[in-house]
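Contents: one structure, followed by commentary.
The values are calculated or read from the model by the stated rules, or taken from the named source; none is laboratory data. Source: prediction; values computed, not measured. Every residue, glycine as well, gets a Cβ built from its backbone with ideal geometry; the counts of neighbours run over all protein chains shown.
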Amino acid sequence: MSESSAKPSLLVLSSTYPRWPGDTEPGFVHELSRRLTTNFDVTVLAPHAQGSSRREILDGVSIVRFRYFLSSMETLVNEGGIISNLRQHPWKFILIPFFLAGLWLAIRRLIRSQQIDVIHAHWLIPQGIAASWQPGSSSGRIPFLVTSHGADLFALKGKGVAMLQRVVINKAAAVTVVSHTMLERLSKIGADTSKVRVVSMGVDLTGMFTPSAEFERSTTEILFVGRLVEKKGLRHLIDALPTILKQHPHVHLKIIGSGPDQEQLTDRVTKLGLTSKVIFIGALRNDELPYHYRQAAVFAAPFVVADSGDQEGLGLVLVEAMGCGCPIVTTTVPAVNDLVHNEETGLIVPMGDAPALAVAICRILNDRSMAVLLGKRAREFAVRHYDWRVKAETYTGILKSIKRSHSYVRIVNRED
């Protein structure tokens, strides 16, 4: 703990983080980190990207970005994430050893230059491994919490990977995963789940993602929000559109997001003759999204399990839509079970089933009273379980606990 502050110091490790204010990269790690500043002096260590500052303070969070290659080639983590980037651009595998070395050296410098009381590592690999190494620590091991968000469990496979995951979990003082499906996955790889707790990230459901009486909901707009990668399942939604148009010829699909699959998805739209019915908006800032959720007739999240095994860890876009009272259609990807109760807070169809998607979307378009009821129930459920206020309090409690103990804590397998 620093002399100038009564608050303990927290080091957050993350590969996904906004590159600058207003960036469209996923911001959930920053949203949690800034809410932890009430109780901690928070420093975030994230990768540098071209155009980003090496050091800055944003919303009370001190951000340090480490270099790992030529600035113009520091592209391993953005626009789809590490795994998607490696699949789309195999040459980026050469960046991995430089990335790991840069991360290791940056942690070493931070630990040697300031007193770190506790670490929060986001993702088991590579941040969890780095927290386990703790280069530069000379005053004993710093207790750390590691949070798995999904890709580090589902997309990374093999006996060697499972061994690394178990090592990280064994060395961590506490572990969180963002859905019960992920807890089951840890059990299958033989990890010690006695210290694992299901605590998802949150959404601002009181100040940002809220319903608004000022907006009249469309009767013809289908909305998709997410990275344009395989596990989001957008291809199946595009395939469902011709069937939907037979019943609702004035419908259009609005796609918000960017990613490595954009070109092939655009080609598919053209091939199906849907260019006048599909709008690619691109990625938007978080504060720009509520308008679209409030306006859409239905929000579609057609998640699938990718060929690699990667799948949603939770799906916070569902929570955002629910917060705005937008009726949702999603699929049977296991993590959805934590969020959506079929026929109560949304409609669930088999994943990868375009005809079933079309039927469910048409049900909502055909029945306004059902759509309103689904949206209302979804909003109520989301506020009770997924508002940032609730989640930040839970993470604060875990971090305070492991800081006090400086030893492993055993946490029951349940969601608060």
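Taking G51, is it touching a Pro at 6+ places or on another chain (Cβ under 7 Å), assigned by TED's automatic domain parsing to the domain that holds P126 and on the phi > 0 side of the Ramachandran plot? Give the derivation first.
Numbers: touching a Pro at 6+ places or on another chain (Cβ under 7 Å): no; assigned by TED's automatic domain parsing to the domain that holds P126: yes; on the phi > 0 side of the Ramachandran plot: yes.
No; evaluated as a whole, the condition is false for this residue.
Restricting attention to the range 384-416, which residues are among the acidic types (D, E) and either part of a helix (DSSP H, G or I) or at pLDDT 95 or above (or both)?
Filtering the range 384-416 for residues among the acidic types (D, E) gives 387, 393, 415-416.
Within the range 384-416, D387, E393 qualify.
Here is a check on your reading of the model: is R227 in the same structural domain as T332 (by TED's automatic domain parsing), surrounded by fewer than 24 Cβ atoms within 10 Å (Cβ to Cβ) and not in a helix (DSSP H, G or I)? Reasoning before the result, please.
Numbers: in the same structural domain as T332 (by TED's automatic domain parsing): yes; surrounded by fewer than 24 Cβ atoms within 10 Å (Cβ to Cβ): yes; not in a helix (DSSP H, G or I): yes.
Against the criterion (in the same structural domain as T332 (by TED's automatic domain parsing), surrounded by fewer than 24 Cβ atoms within 10 Å (Cβ to Cβ) and not in a helix (DSSP H, G or I)), R227 qualifies.
Can we say K391 is within 20 Å of the chain's Cα centre (by Cα) and in the same structural domain as R34 (by TED's automatic domain parsing)?
Values: within 20 Å of the chain's Cα centre (by Cα): yes; in the same structural domain as R34 (by TED's automatic domain parsing): yes.
The answer is yes for K391.
Among what's in the range 292-310 and is surrounded by fewer than 24 Cβ atoms within 10 Å (Cβ to Cβ) and either polar (S, T, N, Q) or outside any loop (DSSP other than H, G, I, E, B) (or both), pick the residue that is farthest from the chain's Cα centre (by Cα).
Among those that are surrounded by fewer than 24 Cβ atoms within 10 Å (Cβ to Cβ) and either polar (S, T, N, Q) or outside any loop (DSSP other than H, G, I, E, B) (or both), it is Q295.
How about the range 148-175: which of its residues are at positive phi and touching a residue at least 12 places away in the same chain (Cβ under 8 Å)? First the steps, then the outcome.
Taking the range 148-175 as the starting set, the residues that turn out to be at positive phi are 150, 158.
Of everything in the range 148-175, just one residue is at positive phi and touching a residue at least 12 places away in the same chain (Cβ under 8 Å), namely G150.
Could you grab me the full set of residues in the range 27-48 that are surrounded by fewer than 22 Cβ atoms within 10 Å (Cβ to Cβ) and in a loop (DSSP other than H, G, I, E, B)?
If the condition is that a residue be surrounded by fewer than 22 Cβ atoms within 10 Å (Cβ to Cβ) and in a loop (DSSP other than H, G, I, E, B), then G27, T37, T38, N39, H48 are the ones that fit.
Considering each residue of the range 311-331, count those that are farther than 17 Å from L205 by Cα, touching a residue at least 40 places away in the same chain (Cβ under 8 Å) and of a type outside the set (S, T, Y), and give that number.
Narrowing the range 311-331 to residues farther than 17 Å from L205 by Cα: 311-313, 329-331.
Within this subset, residues satisfying the condition of being touching a residue at least 40 places away in the same chain (Cβ under 8 Å) are 311-313, 331.
Cutting the leftovers down to of a type outside the set (S, T, Y) gives us 311-313.
Count: 3.
Can you find even one residue in the range 316-333 that is on the phi > 0 side of the Ramachandran plot and buried (at least 23 other Cβ atoms within 10 Å of the Cβ)? Don't jump to the end; show me each part of the working.
Just the residues of the range 316-333 that are on the phi > 0 side of the Ramachandran plot, to begin with: 325.
Now drop any that are not buried (at least 23 other Cβ atoms within 10 Å of the Cβ), which leaves 325.
Yes: one or more hits.
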